[in-house]
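A short write-up of the structure that comes next.
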């Protein structure tokens, strides 16, 4: 089964440096075993919020991705990290809206 992936080009900004530092090595295939570094759920949410805002706040796909990750992760999300970077990235309003929708 094929699953789509988002690929981020490392540009070296403060957020991307932190995202790169937080990346997680995960198995992406069992037989043969293959691993890949993936972004944390928090960083995925932040990227999706950025894309949502850059697209004029109308992309149902990006918004559904944001709320979907939030629903799956539940109480395991690092809300302090999310709010910190959402403020710096100027998507705090969108983050708070998404958080209120998934409660």
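Just so it is clear, none of the values below were taken in a lab; they were calculated from the coordinates. Being a predicted model, the structure only gives us computed values, none of them experimental. Quick reminder, even Gly has a Cβ in these numbers, built from the backbone with ideal geometry, and neighbours come from all protein chains shown.
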**Q.** Helix axis angle, 79-89 relative to the chain longest principal axis, alpha carbon, degrees
**A.** 70 degrees
Q.
Taking the beta-carbon count within 10 Å as an exposure proxy, list 100, 59 from fewest neighbours to most.
A. 100, 59
**Q.** Among 39, 27, 86, residue whose mean-square fluctuation peaks in a GNM of the chain (springs only between Cα atoms under 10 Å)
**A.** 27
**Q.** Sites residue 31 and residue 61 - FRET efficiency at Förster radius 25 Å, r taken between beta-carbons, to 0.05
**A.** 0.20
**Q.** Degrees, to the nearest 10: 41-54 long Cα axis against longest axis of the chain
**A.** 50 degrees
